[in-house]
C-alpha cells in the first residue's frame, strides 16, 4: 500500500495544470496556490466514500506535489526586453526547451557553481541553476557572449 499520492504541476499556456499519477485526477488554476488548492479538493472528492485500498493506497494518504517550472529573475527579464525581436524570439524558444529538459544536449555545467549551467542561443548565453528536488530552473543571467561572464 502506498502512503503518498504523487502529482506534478506544469505551466500550460494560460493556467497551471496538476495531474495525479496514482489516481485519475487532473485540475488547473491560474496561480500555483489556486492549482494546489484545487488539486487537494479534487483528490478529496475523488476518494470521498471510497476505500483507499481499492486504489492501492493506505488510509489517509499524503499528497506529494512536484512542480516543473522555469523562473526568469527580474534582471534577465529586463535584459530580454532590450534585445531585438529576432534575438528575443530565439531566447524564448531556448527557454521553452529548458522547461522541457533543463540539461539540454548543448548545456554545459558552470565551474564554480554547484547547480549552475549555461546554454547558447546564437551569440547570447543563458546562465541558470537547476534544482532537481524542487524541479525548478532559475535563469539568472542572459547576455551577449562577450559580456556574460563579467563580474560573476
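With everything on Cα atoms, drop me the angle between helix 85-100 and the longest principal axis of the chain, reported from 0 to 90° to the nearest 10. The helix 85-100 is inclined about 40 degrees to the chain. Working from Cα pairs under 8 Å separated by at least six residues, relative contact order for the range 2-67 is 41 percent. Over the residues of the chain, the helix contribution to mean residue ellipticity at 222 nm works out to -8500 deg cm²/dmol, using -39500 (n - 2.57) for each DSSP H run of at least 4. Rounded, prolate or oblate: which one fits the range 2-67, using the alpha carbon gyration tensor with axes a ≥ b ≥ c (rounded when a/c is under 1.5, else prolate when a/b beats b/c, else oblate)? Taking the square roots of the gyration eigenvalues as a ≥ b ≥ c, the range 2-67 is prolate.
Expressed in nm to one decimal, what extension gain is obtained for the pair residue 100 and residue 22 from 0.36 nm per residue of sequence separation less their Cα-Cα distance? Numbers along the way, then the final one.
Numbers: separation 78, 0.36 × 78 = 28.08 nm, distance 2.23 nm.
Residue separation times 0.36 nm, minus the Cα-Cα distance, leaves 25.8 nm.
Kirkwood radius for the range 44-122, taken over all pairs of different Cα atoms as the inverse mean of 1/r, rounds to 16.5 Å.
Helix 32-47 and the longest principal axis of the C-alpha atoms of the chain enclose an angle of approximately 20°.
The computed Cα Rg over 2.2 N^0.38 Å for the structure shown corresponds, within [x] 1.30; [y] 1.46; [z] 1.02, to [x].
Any read-out appearing in this document is the output of simple, stated calculations on the displayed coordinates, not a laboratory observation. What you see is a predicted model; the values in this text were computed from it and never measured.
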